[in-house]
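What follows is a short report on a single structure.
The values are calculated or read from the model by the stated rules, or taken from the named source; none is laboratory data. In this text the structure is predicted, and so the values were computed from the model without any measurement. Here the Cβ is made from the backbone with ideal geometry for all residues, glycine too, and neighbour counts use every protein chain on show. Note: accessible area is taken over every heavy atom of the protein model, side chains too, but ligands, DNA and RNA are not part of it. Shrake-Rupley method; radii C 1.70, N 1.55, O 1.52, S 1.80 Å.
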Amino acid sequence: MTIHHDTRPTLNLIRLPNGEGLDLPAYESKGAAGMDLRAAVDEAAPLTLLPGKRALVPTGFIFEIPEHFEGQVRPRSGLAFKNGITCLNSPGTVDSDYRGEVKVLLANLGEEPFVISRGMRIAQMVIAPVTQARVAEITEASETVRGAGGFGSTGV
Ligand SMILES: O=c1ccn([C@H]2C[C@H](O)[C@@H](COP(=O)(O)OP(=O)(O)OP(=O)(O)O)O2)c(=O)[nH]1
Ligand SMILES: [Mg+2]
């Protein structure tokens, strides 16, 4: 008999007043990489995002990202493809020491106004391992084949 240990890190969520009644962020399929984030906008006042505009959309939760992990806020491809809605700062970075409300910076690159209603799944968050490097200044970079080639140096 194999015993499966749940090795997943725990993501503690603190529900804020504007998050009352919202479903928790959740993975919408067994293998989903990201958990969908819902808009904690006022039920009575949906947010209309006009073409070319951006808005910081609240999620209604504080996320206690586990130490040595980050939250990556990413667009949902359906909203991007159908409505031109993206996360302007994608991937948004939620630091493990952040204790404020997680918000989603949406931008409307489409041609039509986009109405964000309460509970709408407007983005997704991937929890990924991350490390901090010890920064050290040196005088000369090590030699590599690539050298300073970048920005298309390898062709298309
Ligand atoms: O999509 C995002 C991106 C960031 N944040 C929050 C969590 C993150 O820990 C904090 C800072 O993000 P970032 O470091 O990208 O912004 P900054 O401009 O460097 O702000 P700060 O000086 O506060 O780090 O803002 C969000 O809620 N959503
Ligand atoms: Mg920062």
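Determine, yes or no, whether R99 is within 16 Å of ligand 1 (Cβ to nearest atom), among the charged types (D, E, K, R) and open to solvent by 70 Å² or more (accessible area, probe 1.4 Å).
Numbers: within 16 Å of ligand 1 (Cβ to nearest atom): yes; among the charged types (D, E, K, R): yes; open to solvent by 70 Å² or more (accessible area, probe 1.4 Å): yes.
Spelling it out, R99 is indeed within 16 Å of ligand 1 (Cβ to nearest atom), among the charged types (D, E, K, R) and open to solvent by 70 Å² or more (accessible area, probe 1.4 Å).
Any residue that is more than 9 Å from ligand 1 (Cβ to nearest atom) and under 26 Å from P17 (Cβ atoms) - is there at least one of those in the range 103-110?
First, the residues of the range 103-110 that are more than 9 Å from ligand 1 (Cβ to nearest atom): 106-110.
From the residues that got through so far, the ones that are under 26 Å from P17 (Cβ atoms) too are 106.
There is at least one residue in the range 103-110 that is more than 9 Å from ligand 1 (Cβ to nearest atom) and under 26 Å from P17 (Cβ atoms).
Within the range 105-114, is there a residue that is part of a strand (DSSP E or B), in contact (Cβ under 8 Å) with a residue 40 or more places away in the chain and not hydrophobic (A, V, I, L, M, F, W, C)? Let's see the steps before the verdict.
Of all residues in the range 105-114, those part of a strand (DSSP E or B) come to 105-108, 114.
Subsequent filtering for residues that are in contact (Cβ under 8 Å) with a residue 40 or more places away in the chain retains 105-108, 114.
Filter once more, keeping what is not hydrophobic (A, V, I, L, M, F, W, C): 108.
Yes: the range 105-114 contains one or more residues that are part of a strand (DSSP E or B), in contact (Cβ under 8 Å) with a residue 40 or more places away in the chain and not hydrophobic (A, V, I, L, M, F, W, C).
What is the number of the single condition among (1) among the small types (G, A, S); (2) more than 12 Å from ligand 1 (Cβ to nearest atom); (3) not in a loop (DSSP other than H, G, I, E, B) that G119 does not meet?
(3)
Hey, can you tell me all the residues within the range 130-150 that are without any contact (Cβ under 8 Å) to a residue 40 or more places away in the chain and surrounded by 10 or more Cβ atoms within 10 Å (Cβ to Cβ)? Quick ask: steps written out before the conclusion?
Initially, the range 130-150 is screened for residues without any contact (Cβ under 8 Å) to a residue 40 or more places away in the chain, giving 132-150.
Within the range 130-150, just G149 meets the criteria.
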